[in-house]
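Quick notes on the structure that follows.
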Amino acid sequence: MRKIIFYLFFLLIPAVNNARVTEVSSAGALNEDIYSDINLGNTGLARGIFDLAVKGLKKLDAEGKLNNSSIVTIADYSQSSTRKRLYVIDLKDRKLLFNTYVAHGRNTGEEYAKSFSNKEGSLKSSLGFYITENPIVGSHTGFALLINGVEKGFNDHAIKRAIIIHAADYATENFIKKHGQLGRSFGCPALPPEMNKPIIEKIKGGTCLFIYNPDNKYICSSSLLN
């Protein structure tokens, strides 16, 4: 009997390993299919960034932290602020719901986002994964959305810092035409006024937001990406 069990143990190891490889490969293929179906490459969003966003989303969903895992929002701060670098994607229906401008923090950079912080008063953007909460109406910002940073050391002070999604006149195409780039926020991902409410209504209440930049410290240290 021991010999039979021993034999079966070694017989099953390759099957288990192959199943894991197949599962990973299938997940990668699924991501690539969605990316291709939506033609995200034509919008300027790199497939590698999309894959990172989905990877983090899946971990958050596995931990039971998302109310809606079908929607992912990506702010690609590797792109110029003159580009439409915010993407709201419906993974289930394979649709790009919104693609528009998004501003970064005043001390994060000029046209390009280069420096990030989790500190209160830094006036910088914070990288990483967030979970959207409920809309609010701010005295200065109007209709806005609370976002909860879930990566310790990178964005977990977002609530304390009052980092929210809100509308801003400096996050518009007209502002770019006048100044050559978007204006900058106090650290919030600010949106064009006409896009603010539709986007907030779509992503509110427990969806995933990923703010990306190829920052080595973040990429190597994020628990959701490693």
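Just checking the listed ones, Glu63, Glu120, Glu194: in the Gaussian network model of the chain with Cα springs under 10 Å, the one fluctuating most is Glu63. Using the Cβ-Cβ distance between Asn42 and Asp156 with R0 set to 35 Å, the FRET efficiency works out to roughly 0.50. Across q = 0.14, 0.17 Å⁻¹, the chain modelled as identical point scatterers on its alpha-carbon atoms has Debye log10 I(q)/I(0) values of -0.83, -1.21, in the order of the q list. Considering only Ile199, Ile176, Ile147, the Gaussian network model of the chain with Cα springs below 10 Å gives its largest mean-square fluctuation to Ile176. Label zone (Glu120, point 7 Å along Cα-to-C-beta; backbone nitrogen cut-off 14 Å) within the stretch 145-172: 156-163.
Give, rounded to the nearest 20 debye, the magnitude of the charge dipole that the stretch 74-226 has about its Cα centre when Lys and Arg contribute +1 at Cβ and Asp and Glu contribute -1 at Cβ. Don't skip to the answer; put the middle values down first.
Values: 20 positive and 14 negative charges, 26 e Å.
The calculation lands at about 120 debye.
Of the residues Gln181, Ile147, Thr132, the one whose Cα sits farthest towards the positive end of the charge dipole of the stretch 121-190 is Gln181 (charges of +1 on Lys and Arg Cβ, -1 on Asp and Glu Cβ, taken about the Cα centre). Across Asp37, Asp76, Asp61, mean-square fluctuation computed from a Gaussian network of the chain (C-alpha pairs under 10 Å connected) peaks at Asp37. Computed from Cα atoms, the angle from the helix 47-62 axis to the main principal axis of the chain rounds to 70 degrees.
Between Leu96 and His140, what FRET efficiency comes out of the Förster formula 1/(1 + (r/R0)^6) with R0 = 25 Å and r the beta carbon distance, rounded to 0.05? Show your work: numbers first, answer last.
Numbers: r = 31 Å, r/R0 = 1.24.
Using R0 = 25 Å, I get an efficiency of 0.20.
Relative to the longest principal axis of the Cα atoms of the chain, helix 193-203 runs at roughly 30 degrees. Taking only Cα atoms, what is the 0 to 90° angle, nearest 10, from helix 2-37's long axis to the longest principal axis of the chain? So the inclination is approximately 30 degrees. Legend: residue pairs Lys65/Lys152; Lys178/Lys202; Lys58/Lys92, Cα-Cα distance threshold 21 Å; pairs beyond threshold, Lys178/Lys202.
Every number here is computed from the coordinates shown, using simple stated rules; none is lab data. None of the values given here were measured: they were computed from a predicted structure. As a convention, Cβ positions derive from the backbone with ideal geometry for all residues, glycine included, and neighbour counts pool all protein chains shown.
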